[in-house]
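Here is the structure we will look at.
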Amino acid sequence: MSENWGAAKDTLGLLVVMIEQACLDQGKFDLAQLLTLQEDPPSGVFTNRQLSQVSRAKPFSPLADQRWVTVALAFLKELDTISTKRSELLQASQVGLCQRARVHQEEEEEAEAVERSSSRRQRM
């Protein structure tokens, strides 16, 4: 049992850092959860709650090492960049699909018009 005290202290320290970071971020656990070095929790566990505005909000928890916070923030920035690029590509592909569908529809309409005019000429 005594060999687990070090791990328990480490886990408790990470929990304190997470709680303090979440308080500084007005209840958002985006960065706080990353600082725990644990697996992602199931979606829906943490919800955005509206809390009172803190006039002197700090950018990160003073309990966390500056290098540690820098790495976590860089990771969040990369995730944001990736999700932004994905949504831009998805929107562009949807616009491209709509344009191709419109062109295809116009081509079909032109083919039908040509077919109708040729059938009229044959009747005459």
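The values are calculated or read from the model by the stated rules, or taken from the named source; none is laboratory data. In this text, all values refer to a predicted model and were calculated from it rather than measured experimentally. Glycine gets a Cβ as well: all are built from the backbone with ideal geometry, and neighbour counts include every protein chain shown.
Exactly one of these conditions fails for V45: (1) modelled with pLDDT under 80; (2) within 23 Å of the chain's Cα centre (by Cα); (3) surrounded by 10 or more Cβ atoms within 10 Å (Cβ to Cβ); (4) β-branched (V, I, T). Give me its number.
V45 satisfies all of (1) modelled with pLDDT under 80; (2) within 23 Å of the chain's Cα centre (by Cα); (3) surrounded by 10 or more Cβ atoms within 10 Å (Cβ to Cβ); (4) β-branched (V, I, T) except (3).
In the list R67, R86, which residue meets the criterion of being exposed (fewer than 10 other Cβ atoms within 10 Å of the Cβ) and among the basic types (K, R)? Before the answer, list the steps.
On the way: R86 fails: exposed (fewer than 10 other Cβ atoms within 10 Å of the Cβ).
Checking each option against the conditions leaves just R67.
What's the total number of residues in the range 8-35 that are outside any helix (DSSP H, G or I) and surrounded by 18 or more Cβ atoms within 10 Å (Cβ to Cβ)? Please lay out each step first, then the result.
Applying the first criterion (outside any helix (DSSP H, G or I)) to the range 8-35 yields 25-29, 35.
Cutting the leftovers down to surrounded by 18 or more Cβ atoms within 10 Å (Cβ to Cβ) gives us 25, 29, 35.
So the count comes out to 3.
Do you know which of the residues in the range 2-38 that are over 19 Å from the mean Cα position of the chain (by Cα) and among the charged types (D, E, K, R) is modelled with the lowest pLDDT?
It comes out as E3.
Looking at the structure I just gave you, is A57 out of contact with any strand residue (DSSP E or B) (no Cβ under 6 Å at 6 or more places or on another chain), modelled with pLDDT of 85 or more and of a type in the set (A, V, I, L, M)? Walk me through it before giving the result.
On the way: out of contact with any strand residue (DSSP E or B) (no Cβ under 6 Å at 6 or more places or on another chain): yes; modelled with pLDDT of 85 or more: no; of a type in the set (A, V, I, L, M): yes.
When the stated conditions are applied, A57 does not pass them.
Considering only the range 65-76, how many residues are touching a residue at least 40 places away in the same chain (Cβ under 8 Å) and either touching a Pro at 6+ places or on another chain (Cβ under 7 Å) or more than 9 Å from L31 (Cβ to Cβ) (or both)? So that I can check it myself, show each step before the final result.
Of all residues in the range 65-76, those touching a residue at least 40 places away in the same chain (Cβ under 8 Å) come to 72-73, 75-76.
If we keep only those that are either touching a Pro at 6+ places or on another chain (Cβ under 7 Å) or more than 9 Å from L31 (Cβ to Cβ) (or both) as well, we get 75.
The qualifying residues number 1.
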